[in-house]
Amino acid sequence: MEYVSPEGLRLDGRRPKEVRQLKCELAVLHRADGSAYLEMGNTKVLATVYGPHEVSQRSQSLHDRALVHCEYSMATFSTGERRRRPKGDRRSVELSLVIRQSMEAAILTHLLPRTQIDIYVQVLQADGGTRAACINAATLALADAGVPMRDLVASCAAGYLNGTPLLDLNYVEDSAGGPDLTVALLPKAEKVTLLQMDSKLPLDTFEAVLGLAMDGCKAIAAHMRQALLEHTRKQAVVRGPVRL
Amino acid sequence: MPGLSAAELSFLEGGIAQDLRNDGRGREDFRSFSIQLDVISQASGSARVRLGATDILASIKAELGSPPAEFPHLGRLELAVEISPTAGPEFEGRGGEELSAELGKALERSFAGGANGTGAAVDLAALSVVEGKTCWVLYADVLVLNADGNILDASAIGIKAALSNTRIPKVEVLAGEGDEEGELELNDDPDECARVSTAAVPLIVTLTKVGRHYIADATGDEEAQMSSALSVAVNEKGQLCGVTKRGSAGIDPSVISDMLSVARRIGKRLLAKVDAEISLAESRLESET
Amino acid sequence: MLQPEGPAPSLDEAAAKLAEAQAILQSSTASLPLVCLGDAIDLGADAEGGVMKGHGTMMAGEAQLQATVCGLVERVNKLVSVRALKGRYTAQVGDVVVGRVTEVAQKRWKMDVNGKQDAALLLASVNLPGGVQRRRTNVDELNMRELYQENDLISAEVQQINQGDGAVALHTRSAKYGKLQGGQLVTVAPYLIKRLKQHFVALAAPLDVGIILGCNGYVWIGSKDLVDAGGRDEDEGMEAAGPSGQVDLQLRERMCRVANAVRALAALGLPVHPPAIVEVCNLSGLLRVEIKDMLGPEFLAQVAYREADRRQAEGDAQPMDH
C-alpha cells in the first residue's frame, strides 16, 4: 500500500512533515476550573481540570506538594466501530498514567502543598494520535485553570512508512504496521517528558523520526501559545481595567 | 456537588411553592436550550444539546448486525447513557455507573417500544436488510459532558436531533450463485443514503417533586432535593410512550394523572420548540458546508 | 442598540447578535502586558538593579524570569509577578468571603471558600450566642453544630494566612457576619469580584435587596436587613437577620432579578460590582424582559452592547490599568 505518493503526498494530501489542522477552544465547560477542546485533524479530545482543591481523601494528602490525578476515557462512539469500553481496562489505565506523568513533570507541584488536581480527558473521536492530543488538551486545560507550570507540554507522534519519516499519523497510517513514536516535550527547556515507540526501527532512522516528532511538538506548542494568549487577552479586555 | 444549607433549601422550596424558582422560571418552564448537529463526523448522525448548563452529546452509529431472534423482520435500536468524568470528580471511575444505568433504562423504556417493535421511536422494520439474517442496528449513545439537572430530557432531545441527522448507507444484496447467499454491497454516498424518520420519536418530560409541588426541567440543585420524579415520554400524537417513576418517596395516585396531563401539555410545547431548533440547526449546517 | 417592540427574534438570530456583541467587547487596541505560560518576562530597565520574583514567575537560567501562568505582568517597585485571571480564590487578610461548611471538626469548622484548600473557622474566632466574651468550654465544643452545621453558608472575614502553606483562617467577630438565610447564592469566577470598600451592599429602591459580594466569588443575595448596620440585636449573635422560611413574593422577585443580573454579568465575563448589577436590572426593566429571560442570548447581547457603548463613551483616551 502506498502511503506516500511519488509526488510526496500522503493519503490525506499532506506532506510528510506536515501536522494535521489544529483547532483549540478554551474554557468550554464552565463548572470546571479549566477546560479545553482540541482537534488534531479528525481526532477530537476534551479535557477538564478541577482544582487545585482540597484533597478529597485526607489520607492521600501530601504535605509538600500537590496530588495529581488523571483519568482517560474514550467514548463508545469515538472509534470507527462502536465499542462498549469497560471502565478501567488496561489501555485506559495506562493512558491515564502516561498523561498524569507527563503533566506532573510540568506542574510546579511544590507550590501547591496539600492540594489535589484532577485532570479528566475524554476522547470524542479517535483518528490516530489520541495520546498526543490528550496531552495537548490537558496542557491547555491546566493553563486555563491557572495551574502554575514550568512550561507547556506539547506532544506529537511520528512514524516511518515507504521509506519516509511521517509526522502526526492518522488512524490509517497508524494501522499500517510501521513504527509509531509519540513524544511529549517541554519546548522552552527542550526536555522530553514522554517517549514511547512500538515496532522496530534502525537507530539512525530513529533519530530522524525523533527529531521530526520534536519539531512537530514545537509547532504545536507555538499554536497552543497563540490560542492561550488570545484567550487571556479576551478575558482581560472584557473584564476591563482594575484600579489597584 | 456540595449540598445546600437548610436555609437555602427552605428558600428554594418556598420559591417553587410561589411559582418563582431561583432563576425566575415558573414551575412548568424549561430552560433555554441550543442544538448543534453533526458534531461527531465519524458517526452516522450526531447532535450536541445544551440545556442550561447541562451539556450532552448524542451519537447514532448504524452498523450491520443480526435481527432479534423472535422478530427476524425487524432492525434494532440500542440505547446507552454514559457520564463523562469531565462533568465532575463525582463521576470519575465508576461514580456515574448507577445513574447511567438508570437513565439508559429509562430511555429504552421510552424509545424501544414493545417487544414486537410496535410503538418504537423509529420504524424498526425499515432497518431490516435480509430478513432473519442481517439488519441495521442503530446504536444511540449519549455522553454527558456536564450535569446540571434533567439529563434524561436533554438526552431525549439529543437523540431525536441526532436521528434527524442520521444517514444510513444504502445496502444492495447481490444475487448469489446457485444456492450461495448474496453478498452485501454498501453505498455510503451521502446523496444515496437513507434518512431516518423522526416523526414518531418522543421527547421526555421529567416532573420532579420538591415539597408539595412538582417542577419541570430541574437544575442540579433542585434535583438534589427531589423526593420523587415522574419521567413521561410524549410523542407528536400526544400519546404516552413510556413512564418511569424515580426517587424513593411514594407518589399519591391521585396526583399521578394530573402529572401525566401536565407532562403531555409541556411535552407538546417542547416538541414544537425542539422541531424548530432542529430545523435551525440544519440550516446552519447547510450554510456552513 | 435598544430592542424595538416587535416579535421576539429566533434563538439563532439572538445567538448571532450575542456573538457580535461579544466580539465588540473583546476588541481593543490597548496593549496589555500579557504573557503566556513559559514566556520569558521582559525585565527591561530593572534587569540591572535586580528584580524580586513574585507569584506566577520562576527563574529560568541566569537573570531570566519566566511566567508560570498565562496572565498579566504586574510590576510593583522591584517585584515582578504574573497574575492569572481565572483560577481559584487567593485570599488576602481582610477580605470578606462567603463560605460553606464542609466539616465540623475539633474546635473548628472547615469551610469551602473556592480556594486551593479549605479555610478554617476556629471556635475561638466566632461570636458565641449571648454576645459575651468568655473562654470556650467543652460544652461549646460539643455544641458546635448548633452554631454552624455542614453545608451552612456563612459570611466571614479572612483573619490570617499561614505563610508556610497558605492555609486561611476566618473569623466572624462582628455582628454583620454569620449564617446566611432567606436568600440564594450565585457562584462566579473570583477574578470578576473587585476589592471594594464595602462588600455588604444594600441596593437602593426600587431593587431594595441586600447583597454580599464575597471576594472568593460567592455572591449572596438576600434581604436588605443583613446589610443594615446596627440593626442587629446583641443577643442575636451569629444569626444573620433575615426572614427564614417564607419570603414575600415581591421581595423574591426582586432578589431573583438581581441574582440573574449577577449570572448575566458572569456569563459575559464582565466584572460583578454594584453599579453594574443595578445597570443590568434597570436594562431588563427598560426592555421589559422577564426575569427568566435574562439569561437568554437576546438579553445577554443587549447587556454586552450596553457595556461596549458605555466604555466607548468613557473614552479610549483613559489609560487602562489592568
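The values are calculated or read from the model by the stated rules, or taken from the named source; none is laboratory data. Worth saying up front: this structure is predicted, and the values here are computed from it rather than measured. Neighbour counts are summed over all protein chains in view; Cβ atoms, including those assigned to glycine, are modelled from backbone coordinates with ideal geometry. All accessible areas refer to the heavy atoms of the entire protein, side chains included, with ligands and DNA or RNA removed. Shrake-Rupley method; radii C 1.70, N 1.55, O 1.52, S 1.80 Å.
What's the center-to-center distance, using Cα atoms, between region A:32-60 and region B:211-289 in Å?
31
R0 = 41 Å: FRET efficiency of residue C:77 with residue C:128, Cβ-based, nearest 0.05? Write down the numbers at each step before the final one.
Values: r = 44 Å, r/R0 = 1.06.
So the FRET efficiency works out to roughly 0.40.
Find the centroid of the Cα atoms in region C:14-28 and in region C:250-298, then give the distance between the two in whole Å.
18
Based on Cα coordinates alone, diagonalise the gyration tensor for region C:149-188, multiply each eigenvalue by 5, take square roots, and list the semi-axes in whole Å, largest first. Intermediate values should be presented prior to the final figure.
Values: eigenvalues 104, 36, 17 Å².
For region C:149-188, the semi-axes come out at 23, 13, 9 Å.
What percent of all Cα-Cα pairs in region B:2-159 falls into each 10 Å bin, going from 0 up to the bin containing the maximum distance?
The calculated distribution, bin by bin, is 10, 30, 31, 18, 7, 3, 0.
Ignoring everything except DSSP H segments at least 4 long, calculate the 222 nm mean residue ellipticity for chain B; use -39,500 (n - 2.57) per segment, divide by total residues, nearest 500. Mind dumping the intermediate values first?
Numbers: 5 runs with 82 residues, N = 289.
For chain B, the value works out to -9500 deg cm²/dmol.
For chain C, what are the DSSP H helices with axial Cα length of 20 Å or more and mean Kyte-Doolittle hydropathy of at least -0.5?
Working: long enough: C:11-26 (22 Å, 0.33); C:249-268 (28 Å, 0.42); C:297-314 (25 Å, -1.08).
Qualifying helices, which must be both long enough and hydrophobic enough, are C:11-26, C:249-268.
Among residues other than residue B:264 whose Cβ falls under 13 Å from its Cβ, what is the net charge (Lys/Arg +1, Asp/Glu -1)?
Working: positive: B:237, B:265, B:268, B:269; negative: B:28, B:236, B:258.
So the surrounding residues net to +1.
Report the accessible surface area buried between chains C and B, summing both sides, using a 1.4 Å probe on protein heavy atoms only, in Å² rounded to the nearest 100. The partial results should precede the final answer.
Details: alone 17920 and 14340 Å², together 30270 Å².
Protein heavy atoms only, the C-B interface buries about 2000 Å².
Based on DSSP H runs of at least 4 residues, each adding -39500 (n - 2.57), what is the mean residue ellipticity at 222 nm of chain C after dividing by all its residues, to the nearest 500 deg cm²/dmol?
Details: 7 runs with 80 residues, N = 322.
When only DSSP H runs of four or more count, the value is -7500 deg cm²/dmol.
Considering only protein heavy atoms and a probe of 1.4 Å, how much of the accessible area of chain A is carbon and sulfur, as a whole percent? List each step's numbers first, then the result.
On the way: 5000 of 9800 Å².
Of all accessible area on chain A, carbon and sulfur atoms account for 51 percent.
Computing the accessible area with a 1.4 Å probe over protein heavy atoms, can you report the carbon and sulfur percentage for region B:242-289? Write out the running numbers ahead of the final one.
Working: 1560 of 2850 Å².
Carbon-and-sulfur percentage of accessible area, whole number: 55.
How high is the FRET efficiency from residue C:313 to residue A:230, r the C-beta distance, R0 22 Å, rounded to 0.05?
On the way: r = 27 Å, r/R0 = 1.21.
It comes to 0.25.
Output the residues of region B:81-100 meeting this criterion: accessible area (heavy atoms, 1.4 Å probe) in the chain alone minus accessible area with all protein chains in place is 40 Å² or greater.
B:82, B:85, B:86, B:89, B:92, B:93
Counting only protein heavy atoms, what percent of the accessible surface of chain C is carbon or sulfur at a 1.4 Å probe?
C and S atoms contribute 50 percent here.
Rank-order A:44-52, B:195-203 by packing density, defined as the average count of other C-beta atoms within 10 Å over each peptide's residues, highest first.
Highest to lowest by the protection proxy: A:44-52, B:195-203.
For chain B, modelled as a Gaussian network with Cα springs under 10 Å, which listed residue fluctuates most, B:66, B:46, B:32?
Per the Cα network of chain B with a 10 Å cutoff, B:32 tops the list.
May I ask you to list the aspartates and glutamates whose Cα is less than 16 Å away from that of residue B:160, ignoring any residue fewer than eight positions away on the same chain?
Straight-distance partners of residue B:160: B:38, B:55, B:78, B:108, B:123, B:141, B:236, B:275, B:277, B:282.
What accessible area per residue, rounded to a whole number of Å², is obtained for the protein assembly as shown using a probe radius of 1.4 Å? The partial results should precede the final answer.
Working: 36950 Å² over 855 residues.
That works out to 43 Å² for each residue.
Tally Lys and Arg at +1 and Asp and Glu at -1 over the other residues with C-beta under 11 Å from the C-beta of residue A:69: what net charge comes out?
Values: positive: A:100; negative: A:71, A:104, A:118, B:92.
Result for the neighbourhood of residue A:69: -3.
Report the net charge of residues surrounding residue B:238, where surrounding means a beta-carbon distance below 15 angstrom and charges are Lys +1, Arg +1, Asp -1, Glu -1.
Working: positive: B:237, B:264, B:265, B:268, B:269; negative: B:236, B:275.
So the environment of residue B:238 carries a net charge of +3.
Note every residue of region C:99-143 with a reduction of at least 50 square angstrom in accessible area, all protein chains present versus the isolated chain, computed with a 1.4 Å probe, or write none.
C:100, C:116, C:117
Among A:112, C:297, C:196, whose Cα lies farthest out toward the positive end of the dipole of the protein assembly as shown, if unit charges sit on the beta carbon of Lys, Arg (+1) and Asp, Glu (-1)?
So the residue we want is C:196.
Give me the one-decimal nm value for the distance between modelled label points at residue A:205 and residue A:94, 7 Å along each residue's Cα-to-Cβ direction.
2.2
How big a patch of accessible area, both sides summed and in Å² to the nearest 100, lies buried between A and C at a 1.4 Å probe? Don't jump to the answer; show the numbers that get you there.
Working: alone 12820 and 17920 Å², together 27040 Å².
For A against C, buried area totals roughly 3700 Å².
Under Stokes-Einstein, with the Kirkwood radius over Cα pairs standing in for Rh, what whole-number D in µm²/s applies to region C:34-84 at 20 °C and 1.002 mPa s? Don't skip to the end; give the middle numbers.
Working: Rh = 10.5 Å.
Answer, rounded: 204 µm²/s.
Any idea of the total accessible area buried by the B-A contact, 1.4 Å probe, rounded to 100 Å²? All intermediate terms of the calculation are to be shown ahead of the outcome.
Working: alone 14340 and 12820 Å², together 24720 Å².
Between B and A, the summed buried area is about 2400 Å².
Which percent of the Cα-Cα distances in chain B go past 36 Å?
20
In whole percent, what relative contact order does region B:1-132 give with Cα contacts below 8 Å and a gap of six or more residues?
Values: 147 pairs, mean separation 21.2, N = 132.
For region B:1-132, the relative contact order is 16 percent.
So how strong a dipole does the protein assembly as shown carry about its Cα centre when Lys and Arg Cβ are +1 and Asp and Glu Cβ are -1, to the nearest 20 debye? Present the calculation step by step, with values, prior to reporting the outcome.
Numbers: 90 positive and 114 negative charges, 541 e Å.
Using only the charged Cβ atoms, the result is roughly 2600 debye.
Quick check on chain A: what does the Kirkwood estimate of hydrodynamic radius come out to from the alpha carbon pairs, in Å? Numbers along the way, then the final one.
Working: mean 1/r = 0.0535 Å⁻¹.
In chain A this quantity evaluates to 18.7 Å.
Say R0 is 56 Å: what FRET efficiency, to the nearest 0.05, do residue A:64 and residue B:288 get from their beta-carbon distance?
On the way: r = 51 Å, r/R0 = 0.91.
Calculated transfer efficiency: 0.65.
Consider all pairwise Cα distances in region C:72-116 and report the whole-number % of them above 12 Å.
In whole percent, the long-distance tail amounts to 74.
Take the cross-link list A:188/C:194; B:209/C:176; B:209/B:237; A:87/B:133 and give me the ones stretching past 30 Å between alpha-carbons. List each step's numbers first, then the result.
On the way: A:188/C:194 34 Å; B:209/C:176 36 Å; B:209/B:237 26 Å; A:87/B:133 32 Å.
Too far apart for the 30 Å limit: A:188/C:194; B:209/C:176; A:87/B:133.
Report D for chain C in µm² per second (integer): Stokes-Einstein, Kirkwood Rh on Cα pairs, 20 °C, 1.002 mPa s. Don't skip to the answer; put the middle values down first.
On the way: Rh = 22.2 Å.
Estimated diffusion coefficient is 97 µm²/s.
Which value, in debye to the nearest 20, describes the size of the charge dipole of chain B about its Cα centre when Lys and Arg Cβ atoms bear +1, Asp and Glu Cβ atoms bear -1, and nothing else is charged? Can you show the working numbers first?
On the way: 27 positive and 46 negative charges, 301 e Å.
That gives chain B a dipole magnitude of about 1440 debye.
Which part of region A:156-177 falls in the paramagnetic zone of residue A:5, meaning amide N under 16 Å from the point 7 Å along Cα-to-beta-carbon?
None, by backbone N distance to the label point.
With a point put 7 Å past each Cα toward its Cβ, work out how far residue C:104 is from residue C:246 in nm, to one decimal.
Label-label distance for residue C:104 and residue C:246, simple model: 2.9 nm.
Report the Cα centroid-to-centroid distance between region A:117-136 and region C:52-120 in angstrom, as an integer.
29
With charges set only on the Cβ (+1 for Lys and Arg, -1 for Asp and Glu), what does the dipole of region C:34-84 come to about its Cα centre, in debye to the nearest 20?
On the way: 4 positive and 6 negative charges, 43 e Å.
For region C:34-84, the charge dipole is close to 200 debye.
Have a look at region A:68-97 and report residues whose accessible surface goes down by 50 Å² or more when the remaining protein chains are included, against the chain on its own, probe 1.4 Å, ligands and DNA/RNA excluded.
Going by heavy-atom accessible area, the residues of region A:68-97 that drop by at least 50 Å² are A:77, A:82, A:87.
In whole Hz, with x marking every Gly and Pro, tabulate ³J(HN,Hα) for region C:158-164 from phi via Karplus 6.51 cos²θ - 1.76 cosθ + 1.60, θ = phi - 60°.
6, 8, 7, 10, 5, 4, x
If you project the alpha carbons of the protein assembly as shown onto the principal axes, what extent comes out on each, in Å, largest first?
That gives 101, 79, 60 Å along the principal axes, largest extent first.
May I ask for the angle, rounded to the nearest 10°, between helix A:130-144 and the longest principal axis of chain A, with both axes built from Cα atoms and the value confined to 0 to 90°?
30
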